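J.: Let me begin by handing over the structure; questions about it come next.
Every read-out reported here was derived from the displayed coordinates using simple, explicitly stated rules and does not represent laboratory data. Worth saying up front: this structure is predicted, and the values here are computed from it rather than measured. Cβ coordinates were reconstructed from backbone atoms using ideal geometry, including for glycine residues, and neighbour counts include every protein chain displayed.
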Amino acid sequence: MPTATTFRAQGGRRGGMAAALVAGLLFPGVLHAARVSDVAGADWLDQAARFLSFRDLSVRYAVCGAVLLGVCCGVLGGFVVVRKMALMGDTLSHAVLPGVALGFLWNLSKDPVAIFVGATLAGLLGTGMVRAITHTTRLKEDAALGLVLASFFAAGACLVTMIQRLPTGSKSGVDKFLFGQAAAINSGDVWLMLAVTVLVLGLVGLFYKELLIVSFDGGFARASGLPVAWIDRGLMLLLAFSVVIALQAVGAVLVSAMLITPAAAAYLLTDRLHRLLWLAAAFGVAAGVTGAFFSFLGHNLPTGPLMVIGASTVFAGAFFLGPRHGVLARWWRRRDRAARTRRENTLKSLYRIGEEADFAAEGATLTELARLRKETLEDAQRLATDLVRHGLATQSDDLVYFTPAGRQRAAEIVRNHRLWELYLTNSANIAADHVHEDAEKIEHVLGEEVVRDLERRLNHAAVDPHGRRIPTAGEIHRAAGLSGESGRK
Amino acid sequence: METLVPAFDFHRIFVAPWTTEFPTFGWIVLMGFLVGAACGLVGNYLLLRRLALMGDAVSHSVLPGLVVAFLLSNSRGTGAMFLGALAAGVLATLIIEVIHTKTRVKQDAAIGIAFSSLFAVGVLLTALYTSQVDLDAECVLYGEISFVPLEPMVEVAGLTLGPASLVRMALVLLGVVALVVMFYKELLVSAFDAGLARSLGVNPTAMHFGLMAVLSIVVVSAFEAVGAILVIAMLILPGATASLLTKKLPWVHAGAVVHAALSAVLGLHLGVWLECSLAPAMVVAGAGVFALAWVFGPEEGLIARWRRQRGGGPEPVRAP
């Protein structure tokens, strides 16, 4: 885990990289100031080529905007997800709408700063309202969130429709704040987004340790004298900032998804907060840029839904393919475990056959194996082949022999089984005829340490409740070491 | 030049809607009331079960269901609409369950992910096939309650009943009322005490999915009138307002219906005055009524609390 200092350095470096990227995209070369809407209808391959060449200024702005909002929303989204504030983010993002409209009314133009101030104030008023309602009424938080979300949104909708009635309002593009249009981003927007992103990264870097403690252990944070209420308010302010800068590209309706989804995807992949924040920022950027790309390809498609679908695709990827918590990985592990259990049960059966003949016979026939396991000969053959493939047994004609490794594992499993049966009858007072089922399951997962402990507790007993001998540790080692050299007795 | 806030003309705002323009505005007010009442009654149970945000999730996810149903059936028939909405509602509930039971992502984030993805798909499909599905972004967000009077009238046995979507909404409201009356006890018990409900032979899971199914039906019938987001206010505001004034469930139901009527009428006047979209105006009016109840409520209003605190009297014990 990085200390606050190293993280500050990382945050600063990242801010610097973003600034360099933005500057590089904004200034060089020939400027083709075509608006995206002018070229709608062209062949989509040409469109893709145009997007990827970054010739157009609007494309550069859109990509800068997508990168910045992806970083900003991703990093703050990490805190939103781990602190279970996802629905607060949703409410915040809907509640900014009346502020956007009022900011627009300030001087009847799309002034980024006025809209930024208005939207931030409205968002903070909305979250304050949620807190006030839950503190002074019997209404629960979910009701308060939904209520504020929809009421503020309705007020914003009234204002937006009133603005659109005005002669200047109909072409104002204020409706682009609903579903987002990355192509409508201009240089003023980009500079504002850059400023907010640097501020967010700087503050998160500076106060990383404090945010970490407050997020995971509020009680400890309070006890160590941190101003928890102020940190919460600061985080809410930064959240409002990042929602507002993302509005233009994603739209008020879906901006909460940019907070939640990339961070939730990152949450599936790592346990460390700092790694989570990095990943969430990367996912946010990926979702943002693909959204901007596809909205450029299509005929004036809204950018927000495309970005959200990009983010959801990343989440679905993490959900299915994640190396540790992913559905596929877990399914694979389960299958693997089932196969191992089956092999170990076969080994145990071979051991039992040997034991019944006092280990006088060499190996066991397939017929004996099939009879003991109450299976057909073909099934027994399949089990034996599986053992041979894993180097636990060898087979000649219908005789199956242990390899040293196989013999050791078989003795271990039998020992685990019998020790556990003995433990249950002695220590848990369970009748001897009821302990087999339980031991069948646990024999495959008992670790070496637990086995030592069991042996100690049972005074190294030699016989299980059914009167069968429990293989000792020495015997198991000998089985592994000697059987290869001097053959079986 | 037109101004943002039109001049206050008493006759235009308060008299005309009930006289000369009644044939138009009458249907709109009635539709607003029907939507508010049906949503409010269902919403009361969402509030009791702390599921207010499931309303959020279901209302957003209904959109792709609607669009796909319209595209597949190539019509805007009621059957296709209800089927699509039901499927989408169930899909949203399933996705939320899968995400929060199979991973360590919590339920709130799962709700956020599920509804935003489904809604995004719906918006994209709407943008791609605007002509076929006859929906647009405006309608998705604020609904088109002003178009209700323009719809073809439904006639039964020579009697003109009203515009198609209004008749449908009225039937849904009747259905909701019938269900609430029929299953009053079961709903009450399973909302407050799932364990007791089970011991009395009520299946809480069945109740939950039944409630979600009814929610999807109500939301989809209200969709064209008020859109995907305002319907959340229609679900929560009536019950929340009523529950600030009373604790008895029958009275909360009655209060929710009164709130629906108030917000429809006041919203109409507000919308006519400001010349803005009518459905958001109704929600703003409803929020205003909520704010009044919050501040002036006789028992638990802010003023009543403040006076009690100043009087030094003990706070009444709050229900947990």
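J.: Under 5 Å between amide H atoms, partner at least 5 residues away or on a different chain: which partners does residue A:403 have, H built in plane at 1.01 Å?
T.: When sequence neighbours closer than 5 places are left aside, the close amide H contacts are A:393, A:394.
J.: Could you give the C-alpha radius of gyration of the range A:178-316 expressed as a fraction of 2.2 N^0.38 Å, taking N as the number of residues it contains?
T.: Against the empirical 2.2 N^0.38 Å value, I get 1.13 for the range A:178-316.
J.: Taking beta carbons within 10 Å but only from partner chains, what does the mean come to for residues A:303-312?
T.: Counting Cβ atoms of other protein chains within 10 Å of each residue's Cβ and averaging gives 5.
J.: Something else now. What ranking do A:400, A:196 get, fewest neighbouring Cβ atoms within 10 angstrom at the top? Walk me through the numbers on the way to the answer.
T.: On the way: A:400 28, A:196 21.
Lowest count first: A:196, A:400.
J.: What percent do you get for the relative contact order of the range A:102-236 when only Cα pairs under 8 Å and 6+ apart count?
T.: It comes to 18 percent, rounded to a whole number.
J.: Another question about this same structure. Are there chymotrypsin sites (Phe, Trp or Tyr not before Pro) in the range B:1-56 that DSSP marks as loop and that have at most 11 other Cβ atoms within 10 Å, and which are they?
T.: Answer in residue order: B:8.
J.: Take peptides B:301-311, A:273-283, A:174-184 and line them up by average Cβ neighbours within 10 Å, highest first, as a rough protection proxy.
T.: A:174-184, A:273-283, B:301-311
J.: I need the peptides B:79-90, A:284-295 ranked by packing, meaning the mean over residues of other C-beta atoms within 10 angstrom, with the highest value on top. The partial results should precede the final answer.
T.: Details: B:79-90: 20.4, A:284-295: 25.7.
Descending mean neighbour count gives A:284-295, B:79-90.
J.: Which whole-angstrom value gives the distance between the alpha carbon centres of the range B:30-107 and the range A:83-160?
T.: About 23 Å separates the Cα centre of the range B:30-107 from the one of the range A:83-160.
J.: Shifting gears a bit: Taking beta carbons within 10 Å but only from partner chains, what does the mean come to for residues B:98-104?
T.: 4
J.: Any idea what the relative contact order of the range B:119-247 is, in percent, if you count C-alpha pairs under 8 Å spaced at least 6 apart?
T.: It rounds to 31 percent for the range B:119-247.
J.: Sort A:93-102, A:79-88, B:146-155 for me by packing, meaning the mean count of neighbouring Cβ atoms within 10 Å per residue, highest on top.
T.: A:93-102, A:79-88, B:146-155
J.: Right, something else. When the Kirkwood hydrodynamic radius is evaluated over all pairs of different C-alpha atoms of chain A, what value in angstrom, to one decimal, is obtained?
T.: Final number for the Kirkwood radius of chain A is 27.4 Å.
J.: First measure r as the distance between the Cβ atoms of residue A:452 and residue A:375, then evaluate 1/(1 + (r/R0)^6) with R0 = 45 Å and state the FRET efficiency to the nearest 0.05.
T.: That pair, residue A:452 with residue A:375, gives E of 0.85.
J.: Within straight cross-link reach of residue A:176, meaning Cα distance under 19 Å, which lysines are found once same-chain residues fewer than 8 apart are removed?
T.: A:110
J.: Could you give me the ³J(HN,Hα) list for the range A:448-464, computed from phi with Karplus coefficients 6.51, -1.76, 1.60 and θ = phi - 60°, whole Hz, x at Gly and Pro?
T.: 4, 5, 5, 4, 4, 4, 4, 4, 4, 4, 9, 6, 6, 4, 9, 10, 7
J.: Can you tell me which lysines have their Cα less than 27 Å from the Cα of residue A:348? Leave out same-chain residues fewer than eight positions away.
T.: A:374, A:441, A:489
J.: Describe numerically, in nm with one decimal, the distance between label points set 7 Å from Cα along Cα→Cβ at residue A:442 and at residue B:102.
T.: Spacing of the two 7 Å Cα→Cβ label points: 3.2 nm.
J.: Counting other Cβ atoms within 10 Å of each Cβ, which trypsin sites (Lys or Arg not before Pro) in the range A:366-445 have at most 12 and sit in a DSSP loop?
T.: Those satisfying the criteria are A:374.
J.: Identify unpaired cysteines across the protein assembly as shown, taking unpaired to mean no other cysteine Cβ lies under 4.7 Å from the residue's Cβ.
T.: Result for the protein assembly as shown is A:64, A:72, A:73, B:39, B:139, no neighbouring Cys Cβ within the cutoff.
J.: So which trypsin sites (Lys or Arg not before Pro) in the range A:300-370 end up in coil per DSSP with only 16 or fewer other C-beta atoms within 10 Å? Please report the intermediate quantities before stating the final value.
T.: On the way: sites: A:324, A:330, A:333, A:334, A:335, A:337, A:340, A:342, A:343, A:348, A:352; in loops: A:324.
Sites meeting the loop and neighbour criteria: A:324.
J.: Suppose a student asked you for the relative contact order of chain B, using Cα pairs under 8 Å spaced at least 6 residues apart; what percent would you report?
T.: Relative contact order here is 27 percent.
J.: What average number of partner chain Cβ atoms lie no more than 10 Å from the Cβ of the residues making up A:320-326?
T.: Partner-chain Cβ atoms within 10 Å, mean over residues of A:320-326: 1.
J.: Still on this structure, I have one more. For residue A:399 and residue B:94, what does the FRET efficiency come to when R0 = 56 Å and r is the distance between their Cβ atoms, rounded to the nearest 0.05?
T.: E(calc), rounded to 0.05, equals 0.60.
J.: Grab every C-alpha pair in the range B:79-206, bin the distances at 10 angstrom width from 0 up to the longest one, and report whole percents.
T.: Whole-percent P(r) values from 0 Å outward: 10, 23, 32, 24, 10, 1.
J.: With +1 on each Lys and Arg Cβ and -1 on each Asp and Glu Cβ, and nothing else charged, work out how big the dipole of the protein assembly as shown is about its Cα centre, in Debye to the nearest 20.
T.: Value, rounded to 20: 1840 debye.
J.: Kyte-Doolittle mean at least 1.6 and Cα extent at least 15 Å along the axis: which DSSP H helices of chain B qualify?
T.: Span-like helices here: B:22-48, B:107-128, B:164-182, B:204-245, B:278-296.
J.: How far apart, in nm, are the 7 Å Cα→Cβ label points at residue A:359 and residue B:306?
T.: 8.9
J.: Right, something else. Per the Kirkwood formula on distinct C-alpha pairs, the Rh of the range A:230-290 is how many angstrom?
T.: Result for the range A:230-290 stands at 12.3 Å.
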